[in-house]
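*Asks:* Structure in structure tokens, see below.
Each reported figure results from applying straightforward, stated rules to the coordinates on display, with no laboratory input. No experiment lies behind these values; they were computed from the predicted model shown. Using ideal geometry, Cβ is built from the backbone for each residue, glycine included, and neighbour counts are taken over all protein chains shown.
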Amino acid sequence: MTAQTTEGTTGRALRPPRAGRSNGQWAVDGREPLNPNEVWKQEDGGLNVRERIEQIYSRDGFASIPPQDLSGRFRWWGLYTQRKPGIDGGRTAQLDDTELSDEYFMLRVRLDGGALTLHQLRVLADISHDFARGTADISDRQNIQYHWIRVEDVPEIWRRLEAVGLQTTEACGDTPRVILGSPLAGIAADEILDPTPVIDEITRRFVGDPELANLPRKFKSAITGHPSLDVVHEINDISLVGVVHPELGAGYDLWVGGGLSTAPRLAERIGVFVAPDEAAEVWLGVIRIFRDYGYRRMRTKARLKFLLAEWGPAKFREVLETEYLARALPDGPPPAPASTPGDHVGIHLQKDGNHYVGAAPVVGRVSGDVLTGLADVMEAAGTDRVRLTPHQKLVVLDVPPARLDDLVTGLENLGLSVAPSPFRRHTMACTGIEFCKLAIVETKAAAGTAIAELEQRLADVTAQIDAPVTLNVNGCPNSCARIQVADIGLKGMIVTVDDVQQPGFQVHLGGGLASADRDEAGLGRTVRGLKVTAADLPDLVERLVRRWLDQRAPGETFATWAHRVDEEELR
Ligand code: SF4
């Protein structure tokens, strides 16, 4: 179940940087900075801005923040300025960052492994109420994102978060970002191994480490020991996926070099077996390769996937073993096909006789009120733990059988559906134009409207939808909500209909990650000229779902059908 490397499956072949000139690889070219970002990162790293936020900017206000801190170093602490209201998407590319920026921030709280205690959840809810105008979104990287944050309030927010073991350190920036982890870590009867110790060790030792705080670009990690393959391992810079080695027992299969954005590429297996007690060291070896060999000349070619595209897995393994680990790693097996859906929605039995309950908000949008309500429902059920998922869902753990019904009723009353329609369950949306400076179109409301419409219009065929049809709505080409690996992926753009410009989407069809319904990941196809206005989105999805149901061979998934049929069938 290796992701294939042919063009059109892992993505178009990434063009390597030009030979014969410095590409800014520290280990090859030296550390001479080749672009303005690299200059300021070397002069004064992002982690250093914290003291200035605490001592100067939070006291003197937004106007006291110099541009390089504001649009650069603040990211190292999870802070981006949010989009100024009222700027339409057609102007996004015409304005610079200052013109697009409001005086408020998005603040991202990293939740490594997506894990939260009840007490931490209450703190997150209170911060939403007190400082974020009630906002809170569950991102598809298991983070919580606030909006409307004022710089004056950031020190107090940090104080509250850090008092309960939460942080915003390196939640954004050219850093080791949040580590995705199986939401079922430690509780599932069918778990291969519990990744919690590895996630905890990496977070404790390396998050905030100045040695790893100036990477060429972001570095995304994912670790699971659950056979549902529940951490989207094909699209991270590094993934460790639980496997059983015939002689060495349970451990991890190493995947490297995945990423989407405007140049999508699926990760590849390196072919090694990683023992659990070596996993943090192997992670360190991979991130140091990225730091030392990543291409720093151009930010558009700086992700690890470009290095892997040039080196290939064999060279990557050789460099890892010889230069960074000083030992060979054993060969290892690939993971088995996914056993169950990786979103964990619904009611399931834990290994200890309690239950875990997966619930779906609409496209990850919650609020301070919902978080408070969730904490109340959990407390009444006698459970202390909840986890966020990489699918913008949440899973409440440790629910005693006697409290299950009350908990489910409580979740449903909060709009957290335990038995969502297939449309709500499988739709995600990025932040979009409401707050994102890069956005061209609105996303969350459009996706919410589409879900409601499709629940009504397709009620007559819902029972026939026995495999997920994922709908991923993105506000621009950056693919934060994973356009290219959705059955129906929507890339925000302005479309012109009858000479009138309107918000709309380019359509990608038939992408997907390995899941219980699909053995192998693959990227979606685009259909020449296939675009849809936001207003016509429900029409398009209804049409495509009905055609798939009419035309499919027995058991054929939407993605297989979408790759099989002629373009005309997809319009
Ligand atoms: Fe913003 Fe684009 Fe990412 Fe959506 S995909 S959150 S619009 S950068």
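*Asks:* Using just the helices of the chain, give the 222 nm mean residue ellipticity in deg cm²/dmol: DSSP H runs with n ≥ 4 each add -39,500 (n - 2.57), and the total is spread over all residues, rounded to 500. If you can, show how the numbers build up before the last one.
*Replies:* Details: 16 runs with 154 residues, N = 571.
-8000 deg cm²/dmol, from helical runs alone.
*Asks:* Which whole-Hz couplings ³J(HN,Hα) result when phi for each residue of region 280-288 is put into the Karplus expression 6.51 cos²θ - 1.76 cosθ + 1.60, θ = phi - 60°, listed in order with x for Gly and Pro?
*Replies:* So the Karplus estimates, Gly and Pro as x, are 5, 5, 5, 4, 4, x, 5, 5, 6 Hz.
*Asks:* Given R₀ = 35 Å, FRET efficiency for Gln464-Thr262 by Cβ-Cβ distance, to 0.05?
*Replies:* On the way: r = 36 Å, r/R0 = 1.02.
In this case the efficiency is close to 0.45.
*Asks:* After finding the eigenvalues of the alpha carbon gyration tensor for region 272-390, what semi-axes result from the square roots of 5 times each, listed largest first in whole Å?
*Replies:* Values: eigenvalues 316, 87, 40 Å².
Equivalent ellipsoid semi-axes, largest first: 40, 21, 14 Å.
*Asks:* Where does each of 323-329, 354-360 land if you order them by average Cβ count within 10 Å, highest first? Walk me through the intermediate numbers first.
*Replies:* Values: 323-329: 13.7, 354-360: 24.0.
Ranking, from highest mean packing down: 354-360, 323-329.
*Asks:* Karplus couplings for region 409-422 from phi (6.51 cos²θ - 1.76 cosθ + 1.60, θ = phi - 60°), rounded to Hz, Gly and Pro as x?
*Replies:* Along region 409-422, the couplings run 4, x, 5, 4, 5, 8, x, 9, 7, 7, 10, x, 4, x Hz.
*Asks:* Nearest 20 debye, what's the magnitude of the dipole of region 149-275 about its Cα centre given +1 on Lys and Arg Cβ and -1 on Asp and Glu Cβ? Each step should come with its number before you reach the end.
*Replies:* Working: 11 positive and 19 negative charges, 73 e Å.
Rounded to the nearest 20 debye, it is 340 debye.
*Asks:* Further, regarding this structure: Give the residue from Pro183, Leu229, Ile149 lying farthest towards the positive end of the charge dipole for region 137-242; charges sit on Cβ (+1 for Lys and Arg, -1 for Asp and Glu) and the dipole is referred to the Cα centre.
*Replies:* Of the options given, the answer is Ile149.
*Asks:* Here is a follow-up. Among 196-202, 283-289, how do they line up from the highest to the lowest mean number of other beta-carbon atoms within 10 Å? Each step should come with its number before you reach the end.
*Replies:* Numbers: 196-202: 19.7, 283-289: 22.1.
Highest mean packing first, the order is 283-289, 196-202.
*Asks:* Moving to a separate point now. Can you give the net charge of the other residues whose Cβ lies under 11 Å from the Cβ of Trp561, counting K and R as +1 and D and E as -1? Write out the running numbers ahead of the final one.
*Replies:* Working: positive: Arg547, Arg552, Arg564; negative: Asp487, Asp550, Glu556, Glu569.
Neighbour charge sum, excluding Trp561 itself: -1.
*Asks:* Rounded if a/c is under 1.5, else prolate if a/b is larger than b/c, else oblate: which is region 456-505, with a ≥ b ≥ c the root eigenvalues of its Cα gyration tensor?
*Replies:* On the way: a/c = 4.11, a/b = 1.52, b/c = 2.71.
Verdict is oblate for region 456-505.
*Asks:* Next up: If the only charges are +1 at each Lys and Arg Cβ and -1 at each Asp and Glu Cβ, what is the size of the charge dipole of region 1-154 around the Cα centre, to the nearest 20 debye? Show your work: numbers first, answer last.
*Replies:* On the way: 20 positive and 23 negative charges, 100 e Å.
My answer is approximately 480 debye.
*Asks:* Along the charge dipole of the chain, Cβ charges K/R +1 and D/E -1, which of His348, Ser367, Phe435 sits furthest on the positive end?
*Replies:* Of the candidates, Phe435 comes out farthest on the positive side.
*Asks:* Let me ask you something else. If you count, for each residue, the other Cβ atoms within 10 Å and average over each peptide, how do 559-567, 35-43, 248-256 line up from highest to lowest?
*Replies:* Details: 559-567: 17.4, 35-43: 14.8, 248-256: 22.0.
Packing order, densest peptide first, comes out as 248-256, 559-567, 35-43.
*Asks:* Once you order the gyration tensor axes a ≥ b ≥ c over the Cα atoms, which shape class does the chain get: rounded for a/c under 1.5, otherwise prolate or oblate by comparing a/b with b/c? Write out the running numbers ahead of the final one.
*Replies:* Values: a/c = 1.14, a/b = 1.10, b/c = 1.04.
Rounded, since a/c falls under 1.5.
*Asks:* Let me ask something else about it. What does the charge dipole of region 33-85 about its Cα centre add up to, to the nearest 20 debye, if the Cβ of each Lys and Arg holds +1 and the Cβ of each Asp and Glu holds -1?
*Replies:* Values: 8 positive and 7 negative charges, 60 e Å.
Using Cβ point charges on Lys, Arg, Asp and Glu, region 33-85 gives about 280 debye.
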